[in-house]
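Take a look at the structure below.
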Amino acid sequence: MQGNGLKIGLTLFFLVLSGYYLYPSVKAYVINQRLEAMTEEERAAYMEEHYDDIRQTQERALKLGLDLLGGMHVTLEVRVDELVRELATDTDATFDEVMEAARARSASGDVSFIQAFVQEFEARDPNARLSRYFRSDEAGINRRSTNEEVAAYLEQEANDAIDRAIEIIRQRVDRYGVTEPSIQKQGTRRIVVELPGIDDAERVRRLLRGTARLEFRLMADPAELTRVAQSIIEYYEAAADTAASDTSGAAGTGEADTAAADPLLAGADTSAGDAVLGDDPVGAGNPLLAVMQPLPYGPGVVFGQVLETDTAAVNRLLRNPEVQALIPDDIELMYTASPVGVDQNGREVYDILGVRSTAELTGEAIVEATVDFDQFTNQPQVSMTMDSEGARTWARVTGANVGKNIAIVLDGVVYSYPVVEGRIVGGRSRITGLDSREEAQDIVTVLESGALPAPVVIVEERTVGPSLGQASIRAGFWSVLVGLLLVALFMIWYYRTAGVVADLALLLNIVFILGILAAFGATLTLPGIAGIVLTIGMAVDANVLIFERIREEQGTGKTLKAAVEAGYAKALSAIVDANITTFFVGVILYSFGVGPIQGFAVTLMAGILCSMFTAIIVTRIIFDYMIIERRATVSYG
Amino acid sequence: MRIFENANFDFIQNRTRGYIFSGILILISIFGLVTRGLEVGIDFSGGMEFVIETDAPLNVTAVRTTLADVLGSDPEVKTFGEGAILVRTLAEGDINEMQARIIESINSAFPGVNPRVQKTDIVGPRFAEDLKEGAVFAVLGSLLVIFAYILIRFEWRFGLGAVVALFHDVFITLGLFALLHHLLPFSLQIDQTIIAALLTIVGYSLNDTVVVFDRIREYTNLFKTEAYPNIVNRSINNTLSRTLITSGTTLLVVITLFILGGEVLRGFAFALIVGIAIGTYSSIFVASPVVVELRLRADAQKAARR
């Protein structure tokens, strides 16, 4: 029994350690139960009083994954291609061509966008210099810079961009108010954002990826815009005529190939009858007029009016290169941010506006933004104050354009385009045309945290609603409990006394697993719980191996004591071999998997380590005690 | 309680029957994989998945028809547990817009069901490529590490026997997934969790196999005069009780998980049930017989050289 002193000590040590690490989790559970039983006021008072305690407890408690807690896991990617385009001070046709080629290559291959960009450029003309597109006094990039220098500069800018983007997103998330958000860089271009307990995924998505590019732009000249609209309509008129004569109007769209490839467009076309301008005889057969009413208010800054459901079709028609050629370079077509009305069927209608391509003033001039309400309509709006330079520019622009519209553009859509009534001094402006207070609040949030250096896109998102999370917790809990009970009963039925000892080891095993998870700050996910359930089934394996061996040894006529000794000794190599391979699988799953899968890998690995300890050491202590100390007979069934 | 206490089955002598049975399973799997193929989940194909909970159960076909119009591409609609449906679409576009369109069209087609999004999984095409790459690395990595470990611990014949058994198990599990998807009332899509399940099967199957190998190694040293096939047969029989009990307890818990673990884990639990059953079978009827075959062939060559 002397040799067991160390084993007993080790077991007690681990038990105490597990207790120490699991205590906050138990406490957090008790506090939660108590809080739930309270009324609203009691709860607030209790939270106030025990704030630090609750916080500390929660921080140290076993963390639950978003799939159990409910929440949002979003992976964002910084659009390096857009960043490069913005860094370029001068562009030409070759630049656009190289951009396109680089985008295609980086999308399919392992090369980064910047590498692909440089290689594609050099492939077109080995002697040309990238420095003709980029200029930066700070980074020392000028006309004589080599391609390597420019590439290094672009890489540096891209790296800075992601770090800044993380900072800005952190500010936005903090302002939004999420408890315990996690924002981390993944690889070189991605940001992983984890937000527990989110109830409005749509709002968070907007908040995360909004570039917050605020611009004040002049609008297109009404006469010019009218001419543009007419030429585009004529273009599609001519195309529709040829298409009609070619295919007897079957496709009914200008570009036969677009219509064939695009079911959306064809679908929109067949519903021409109830489109805004469906009753116009000129519209029959003209694909554009079928989905858009041009110049709905006569000549002005409004280019056309579109049903929400038709926007995709209209975008496609307007994106046609030949149509783009009809639009002057200094005019850009943009949608209104919110619908301007509804049609007779209750569908929302948006305006397309003609806006100047260059911004007179950008959001960088904004020093303060607040939410308030229009004194007459009580609509939410965002009031902004500009810095002194911005205020001067604003005064000049407004003074020179009295009686004309100025568009307030945020992230490519027009929020409002008020008519300038007079020169505005003092640098104040506002964004109106907002749907709700939340929208106004979110705009303030993004404006105040600054614009993202480059657009970000959501490349992965996993959202779990709170009730599904609750259901998963319940399902996981019952699986563990029932699995444990079934295995425990089986072991007792099959191995009698020894089975009871093995069950004891199994219980201890689960305590240790949870202890390890809590100690390492690992997150318990639903696959993680599945890992625990699986471990319950596999953990008894070591004991099964030992017990079977003891039975065999007993069969050869050995005494109980000798049989136990031999059983443990001979089963050891099989146990180790069998467990190590599964442990390897756990390690690999952990290194290559993400999120929930890592949770599974962690519990699997913890389970293997713990089960080896409990099944080999703990059960041995108990048997030694029973057989040697108490001289009892132990039944191995 | 004792089962198979003094088991003495002629596993090795009748190994041809095992080969035939495995052969049939593999043929069925090939048939499934070729004719029906695997259903790849959005983790690896990219796309959007929404689980929508409603107050009243919805008719899946009706929802599919309704959504086909608004989403453009043909969406996949399935029931998801009780009172919820899963909508999966490959259409690309703004997430918010998609979600709004789905909710709005369900609202207008089935008034009063109060649809709420309970779960979304969105994976972009590039990200899906990365996940796929990660999965391939994970699978190849595990196989490599496992093979290396077996090579270090046992001689190469055992390593080959173990690997043959692993491929056998994973292949048949995948074959069943191919054969049964859309026929069973739960998702059998190949996604990250299924890869995790497959690797667990690999680990588990090996676990079983290694225990038998361990015994063969022990008996080879113990009974030097006995014929090799007999040693292997005796090893299988003497470990049979353990093999079946461990598989039994493990199957017990994964079946529990399958029944109680909820909709999210159902495919995962199903893979484990199939894999563990086949893994147990293969450690007896595939792994050890392969070792015997290799050994007999080597002996025959040695005899021929003399």
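Overview of values
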| read-out | value |
| --- | --- |
| Signed unit charges on C-beta, dipole axis of chain A, positive-most listed residue A:Ala44, A:Phe14, A:Thr188 | A:Phe14 |
| Among B:Ala100, B:Ala269, B:Ala84, residue whose mean-square fluctuation peaks in a GNM of chain B (springs only between Cα atoms under 10 Å) | B:Ala100 |
| Where region B:1-118 is the region considered: accessible area per residue in Å², 1.4 Å probe | 52 Å² |
| Shape box of region A:158-209 [Cα atoms, principal axes, largest first, Å] | 32, 17, 16 |
| Geometric extent, Cα atoms of region A:18-79 - Rg, Dmax (angstrom) | 15.3, 49 |
| Mean separation of Cα contacts under 8 Å (6+ apart) over length of chain B, as relative contact order % | 26 percent |
| Kyte-Doolittle at least 1.0, axis length at least 20 Å by Cα - qualifying DSSP helices, chain B | B:15-35, B:125-153, B:156-180, B:266-282 |
| Chain-alone versus full-assembly comparison, region B:195-226, residues with accessible loss of at least 30 Å² (1.4 Å probe) | B:Ala196, B:Leu199, B:Thr200, B:Gly203, B:Asn207, B:Val210, B:Val211, B:Asp214, B:Arg215, B:Glu218 |
| Accessible area of chain A belonging to carbon and sulfur atoms, whole % at 1.4 Å probe | 55 percent |
| Accessible area buried, both sides summed, chains B and A with 1.4 Å probe, Å² | 6100 Å² |
| Accessible-area ranking of A:Arg129, B:Arg297, largest first, probe 1.4 Å | B:Arg297, A:Arg129 |
| Region A:478-626 - charge dipole about Cα centre, Lys and Arg +1 at Cβ, Asp and Glu -1, debye rounded to 20 | 140 debye |
| Pair-distance profile P(r), taking every C-alpha pair of region A:516-637, with 5 angstrom steps and integer % | 2, 11, 19, 19, 14, 11, 9, 8, 5, 2, 0 |
| Highest-fluctuation residue, B:Ile28, B:Ile152, B:Ile284 considered, GNM on chain B with Cα pairs under 10 Å | B:Ile152 |
| Listed residues B:Leu252, A:Gly637, B:Ser205: farthest to the positive end of the dipole of the protein assembly as shown (Cβ charges) | A:Gly637 |
| Residues in region A:460-491 occluded by at least 50 Å² - accessible area, probe radius 1.4 Å, against chain by itself | A:Glu461, A:Arg462, A:Leu468, A:Ser479, A:Phe490 |
| Surface accessible to a 1.4 Å probe, per residue, for the residues of region A:367-421, Å² | 52 Å² |
| Ranked order, A:Arg144, A:Arg43 - accessible area, probe 1.4 Å, largest first | A:Arg144, A:Arg43 |
| Average beta carbon contacts from partner chains per residue of B:270-277, 10 Å cutoff | 1 |
| Size of the protein assembly as shown as Cα extents on the principal axes (Å, biggest first) | 109, 75, 66 |
| Loop-located GluC sites (Glu not before Pro) in region A:59-128 whose Cβ has at most 10 other Cβ within 10 Å (DSSP) | none |
| Coordinate range along principal axes, alpha carbons of region B:47-123, Å, largest first | 29, 22, 19 |
| Listing of region B:118-166 residues, each with accessible area lower by at least 50 Å² in the full protein assembly than in the chain alone (probe 1.4 Å) | B:Gln118, B:Thr120, B:Ile122, B:Arg126, B:Phe127, B:Tyr149 |
| Heavy-atom surface of region A:450-575, accessible at 1.4 Å and reported per residue (Å²) | 33 Å² |
| Within straight-line cross-link reach of A:Lys63, lysines at Cα separation under 18 Å, skipping those fewer than 8 residues along the same chain | A:Lys27 |
| Over chain A, relative contact order from alpha-carbon pairs under 8 Å, at least 6 apart, % | 17 percent |
| Mean Kyte hydropathy of 0.5 or more with a Cα span along the axis of at least 20 Å, helices from DSSP in chain A | A:4-37, A:466-495, A:497-519, A:526-555, A:560-592, A:595-613 |
| Per-residue HN-Hα couplings for region A:320-331 [Karplus 6.51, -1.76, 1.60; θ = phi - 60°; Hz; x = Gly/Pro] | 3, x, 5, 6, 4, 5, 7, 8, x, 4, 8, 10 |
| Surface share of carbon and sulfur [accessible, 1.4 angstrom probe, percent] for region B:47-123 | 50 percent |
| Estimated dipole of region A:344-431 in Debye, rounded to 20 [Cβ of Lys and Arg +1, of Asp and Glu -1, Cα centre] | 340 debye |
| Area projected by the alpha carbon convex hull of chain B, averaged over all directions, nm² | 19.5 nm² |
| Magnitude of the charge dipole, chain A, Cβ model with Lys/Arg +1 and Asp/Glu -1, debye to 20 | 3640 debye |
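The values are calculated or read from the model by the stated rules, or taken from the named source; none is laboratory data. A quick note: this is a predicted structure, and the numbers were derived from the prediction, not measured. Cβ sites come from the backbone with ideal geometry, for glycine too, and all protein chains shown count toward neighbours. Quick note on the areas: whole protein, heavy atoms, side chains included, nothing else; ligands and nucleic acids left out. Shrake-Rupley method; radii C 1.70, N 1.55, O 1.52, S 1.80 Å.
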